[in-house]
Amino acid sequence: MRLESLLLLLCLSHTAAAGGEAVQVDEQLTVQPDVWAEVRALRHLVVDQRAELNVLKTRLTSSESELQELRGQLQTLSTNTERSKVAFSAALTDSGLLGPFNTDTTIVYSNVFTNIGKAYNPITGIFTAPVKGVYYFRFTGMDYRSAVHMGAALYKNNQRIMLTYEINVNNGYFEHMSNGVTLELEKGDVVFLRLPANKGLYDNNESHNTFSGFLLFTL
């Protein structure tokens, strides 16, 4: 009986051990698929995050380009705004008599009162349009000699726009003249005044002879 009992116990132990190994194998087979599923899920998450990151990089690049373009537009607007500030006014020096001469002579108004935008050159007497636009110009003249007619002609580039002159019938008395014009100018066009041949002007420290202009609006 003892031998049979021992054999029975050994069989039961072997069966129990085999059963335990089967349980562990089943547990491993059950747990293993769950781990790989998590790995795959993490890989998909990383791929999705990379895609979102690429989208964000693209948006950031686009935003930087738009910002750069906006900065350029603001700089251009600021530059154009500064260029649109154009106004000048100048007079002859108090040198007394000017002319008459045998040929037309450019009048240089060297006594500058205002020169916003630096478009008027007091050395040459020439105004140069800094931007395309509509400008207004005005000039005055004075003389007292009856033997010499006073006069001034306004030019746009090489085209004479207007000629103004006055005859002094009262010798020794100041006679004045004035005129003005609105002109459409391209950038780089020039405007200036010439003293016609055989005409004259007179000025002193009271600035009777002036040349003024300003930009009305850009085009």
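Select, from Arg50, Arg59, Arg71, the only residue that is at pLDDT 50 or above, basic (Lys, Arg), under 30 Å from Leu215 (Cβ atoms) and within 50 Å of the chain's Cα centre (by Cα). Walk me through it before giving the result.
Numbers: Arg50 fails: under 30 Å from Leu215 (Cβ atoms); Arg59 fails: under 30 Å from Leu215 (Cβ atoms).
When all the criteria are applied, what remains is Arg71.
Find the residue count for region 122-147, including only residues that are polar (S, T, N, Q) and more than 26 Å from His176 (Cβ to Cβ).
First pass over region 122-147, keeping only residues polar (S, T, N, Q): 124, 128, 140, 146.
Restricting the remaining residues to those that are more than 26 Å from His176 (Cβ to Cβ) gives 128.
Final tally of qualifying residues: 1.
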(message) Just to verify a result, which residue in region 118-161, among those that are crowded, with 18+ Cβ neighbours inside 10 Å and among the small types (Gly, Ala, Ser), is farthest from Tyr173 (Cα to Cα)?
(response) Gly133
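The values are calculated or read from the model by the stated rules, or taken from the named source; none is laboratory data. As the structure is a computational prediction, the values presented were derived from the model and not from experiment. Ideal geometry is used to build each Cβ from the backbone, glycine not excepted, and the neighbour counts take in all protein chains shown.
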